[in-house]
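Reading through the structure tokens given below for one structure.
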Amino acid sequence: MKMGESISVLGNFFRLTYVLNPGGAFGTKLGSNIFYTILSVLAIIVAVWFFFKSKKEEKLLHLAFSLVLGGALGNLLDRFRYGEVLDFLDCDFMNIQIPPIKFGFIDFSGFYLNRWPVFNIADSAVTIGMLLILWYVIRPRKGAFTPD
């Protein structure tokens, strides 16, 4: 495939599209390639540390840290190989429209997304892993106090 080329898999809903992404997961652009490289290395270190610090019985937590670790490693390898991350999953499942808002001294120019940004399996793994970690942290525990 050539850069930017798409192959339809399920009509316009799902396509394989070849793009190189210098930013973060799902097209975020919070910093430079160096920023995302450092962030990936830190995510790998933290995921490994917490993986080995968690109890063996915490299978869900181990799965979550494994997903974060695998996704961060995958994207880091792409950055070393291509200087950017190879993205290819192209879905049209969510349109977002937030109109411009002025709230006091804050002037938000609005946001429009007519197609989800192209992403890869590593982005999905990191996202699912982080959601599992969040769920693990906020879920009610057996024997914990719950008001009636």
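A short reminder: the numbers here are calculations on the coordinates, not readings from a lab. Note that the structure is predicted; figures quoted are calculated from it, not measured. Counting neighbours? That spans all protein chains shown, and the Cβs are built from the backbone with ideal geometry, glycine included.
Per DSSP H run of n ≥ 4, the term is -39500 (n - 2.57); total these for the chain, divide by its residue number, and report the mean residue ellipticity at 222 nm rounded to 500 deg cm²/dmol. Intermediate values should be presented prior to the final figure.
Details: 3 runs with 63 residues, N = 148.
It lands at -15000 deg cm²/dmol.
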Exercise. Given (1) 23, 21, 14; (2) 30, 24, 17; (3) 29, 18, 12 as candidate values of semi-axes √(5λ) of the Cα gyration tensor in Å, which corresponds to the one derived from the coordinates?
Worked result: (2)
Exercise. Which of Lys29/Lys102; Lys29/Lys53; Lys29/Lys55 have a Cα-Cα distance over 26 Å?
Worked result: Lys29/Lys53; Lys29/Lys55
For this session: State, to one decimal in nm, how far the label point of Tyr18 lies from the label point of His62, with both points 7 Å from Cα in the Cβ direction.
Result: 4.0
Exercise. When only C-alpha pairs under 8 Å and at least 6 residues apart count, what is the relative contact order of the range 6-138, in percent?
Worked result: 30
Exercise. On full extension of the chain, what length is gained from Met130 through Ile34, given 0.36 nm per residue of separation minus the C-alpha to C-alpha distance?
Worked result: 32.4 nm
For this session: Report the FRET efficiency, 1/(1 + (r/R0)^6), for Leu10 and Leu77, where r is their Cβ-Cβ distance and R0 is 25 Å, rounded to 0.05.
Result: 0.30
Problem set entry | Computed magnitude of the charge dipole of the range 6-138 (debye, nearest 20; Cβ of K, R +1, Cβ of D, E -1) | 260
Seminar exercise, completed: Calc'd 3J(HN,Hα), the range 55-60, phi into Karplus 6.51 cos²θ - 1.76 cosθ + 1.60 (θ = phi - 60°), Hz, glycine/Pro = x, comes to 5, 4, 6, 7, 4, 5
Problem set entry | For the chain, built as a Gaussian network whose Cα springs stay under 10 Å, the top-fluctuating residue of Phe80, Phe65, Phe51 | Phe80
Problem set entry | Förster radius 22 Å - calculated FRET efficiency between Asn114 and Phe88 (Cβ-Cβ, nearest 0.05) | 0.70
Seminar exercise, completed: Checking Phe105, Phe35, Phe52 against a Gaussian network model of the chain (alpha-carbon springs below 10 Å), the top fluctuating residue turns out to be Phe105
Seminar exercise, completed: Between Ile101 and Phe26, the two model label points (7 Å from Cα along the beta-carbon direction) sit apart by a distance in nm of 1.8
